[in-house]
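These notes are about the structure you will find just below.
The values are calculated or read from the model by the stated rules, or taken from the named source; none is laboratory data. As the structure is a computational prediction, the values presented were derived from the model and not from experiment. Because the Cβ atoms are built from the backbone with ideal geometry, glycine has one as well, and the counts that use them run over all protein chains shown.
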Amino acid sequence: MKICIVYESKFGNGKGCMEYLQGVMSKKDHDVKMFSVREIEPTSLPLADLYIFSSPTQIGSPAGKMKKFLKKLEILQKDAKYVLVVTHLNPRANTLEKMERLLLSKEISRVTEGLMIKVTGMKGPLESGYEEKLDTFAEDILKAIE
Ligand SMILES: Cc1cc2nc3c(=O)[nH]c(=O)nc-3n(C[C@H](O)[C@H](O)[C@H](O)COP(=O)(O)O)c2cc1C
């Protein structure tokens, strides 16, 4: 399966999660391409079966760059699917719902519920056990798609 990850990450925590997820999926023989939201246009993503969008929570919302990116997103792949990952400090953050709302009008459908990963301080580090969360998340995604 072709997978395309697009992430925003101010302090590197979300980026680390996406690198980990890329490693997990690649080991299962999937072709995973990964981009920072800062280096790719929302209208020129490579064709992929699954898109993974990852953002920190900032001021109760997805990071501004990710919000803009999702608003302008154009997906050319037919039957494209997506999943979301969010990092956050506050357990009540509803960033996933806000990202999903931005994708409602797009030609892309959700595969599984998104994943929230906590940071233990503003700049990190990530909560302990985040790798296991990502392992389970990867398994759930692949079960739902294959
Ligand atoms: C300007 C700013 C605002 C933030 N606001 C929130 C917030 O409202 N709720 C929350 O849970 N975390 C908030 N955070 C913490 C971020 O979620 C945390 O820094 C981020 O998840 C770390 O991931 P990253 O290293 O990939 O950027 C904020 C961080 C910054 C820099």
Suppose we filter I52, I75, I141, I117 for residues that are outside any loop (DSSP other than H, G, I, E, B), within 16 Å of the chain's Cα centre (by Cα) and over 17 Å from G14 (Cα atoms); which single one remains? I141
Any residue at all in segment 83-98 that is buried (at least 23 other Cβ atoms within 10 Å of the Cβ), more than 14 Å from the ligand (Cβ to nearest atom) and at pLDDT 95 or above? yes
I'd like the residue in segment 34-77 that is exposed (fewer than 15 other Cβ atoms within 10 Å of the Cβ) and either among the acidic types (D, E) or under 22 Å from K143 (Cβ atoms) (or both) and, out of all such residues, is nearest to the ligand (Cβ to nearest atom). E39
Tell me which residues, restricted to segment 16-27, are within 13 Å of the ligand (Cβ to nearest atom), in contact (Cβ under 8 Å) with a residue 24 or more places away in the chain and surrounded by fewer than 22 Cβ atoms within 10 Å (Cβ to Cβ). G16, Y20
When you scan segment 125-145, do you find a residue that is touching a residue at least 24 places away in the same chain (Cβ under 8 Å), basic (K, R) and over 20 Å from L47 (Cα atoms), even just one? no
